[in-house]
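Laboratory data are not the source of any read-out in this text; all were calculated from the coordinates shown. On a predicted model such as this, the values are computed, not experimentally measured, just so you know. Backbone-built Cβ (ideal geometry, glycine too); neighbour counts: all protein chains shown.
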Amino acid sequence: MPGPLVVNDSVVIPDAELVWRFSRSSGPGGQGVNTTDSRVELTFDVAASTALPPALKARALDRLGSATITIAASEYRSQLRNREAAAHRLAQRLREAIAPPPKRRRPTKPSRGAVERRIATKKHRADLKRLRRDP
C-alpha cells in the first residue's frame, strides 16, 4: 500500500507527505479486535504540500476550510483494506477540492414556441377537467 497517492492525471501526492496512524477499532469483532490495530487515520497537510501547484493549493484551501485533511477508516476488519479506503476517500476529497468551478449559467428565456406549447397543454387539461364536471 505504501507509495504515492494518485489524485488525478496531473496531481500525485508523494508518500512522504501522508501521515498514517493506526489504532484499535471500536465495536464488536471477536477475539482479534483487542489485538489488531485495524483503524486507520490518514492526515494530509494541504498548505505544506509541494505536490499541488499554487493555484490548485489556493483553491483547495478555500474550499476545504482548513489546511489539513484527516480521514478515518474503520469499516473493514483488515488494516490493509482500511488503508485503501482512507486513501481512496482522501483522493476523492482532493479531486473535489481542486476541481475547476462549474461554468456560469447563461440566463435564457423560453422560446415563443415553448411558451405556446405550455399554454396549449394547460388549456387542454382545463378543457378535460371542465368536461368531467356535471352541467
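Quick look at the values:
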item: Helix-derived mean residue ellipticity, 222 nm - over the chain, DSSP H n ≥ 4, -39500 (n - 2.57), to 500; result: -13000 deg cm²/dmol
item: Label point distance in nm, Thr50-Arg24, each placed 7 Å from Cα along Cα→Cβ; result: 3.9 nm
item: Loop-located trypsin sites (Lys or Arg not before Pro) in the stretch 73-115 whose Cβ has at most 15 other Cβ within 10 Å (DSSP); result: Arg77, Lys103, Arg104, Arg105
item: For the chain, built as a Gaussian network whose Cα springs stay under 10 Å, the top-fluctuating residue of Ala114, Ala91, Ala48; result: Ala114
item: FRET efficiency, 1/(1 + (r/R0)^6) with R0 41 Å, evaluated for Arg106 and Thr68 via beta carbons; result: 0.60
item: The stretch 72-131: C-alpha gyration tensor shape, a/c 1.5 cut-off, then a/b vs b/c; result: oblate
item: Stretch gain in nm, segment Glu41-Lys123, where the contour uses 0.36 nm per residue and the Cα spacing is subtracted; result: 23.4 nm
item: Leu52 long-range amide H proximity, modeled H, under 5 Å; result: none
item: Loop-located GluC sites (Glu not before Pro) in the stretch 52-109 whose Cβ has at most 15 other Cβ within 10 Å (DSSP); result: Glu75
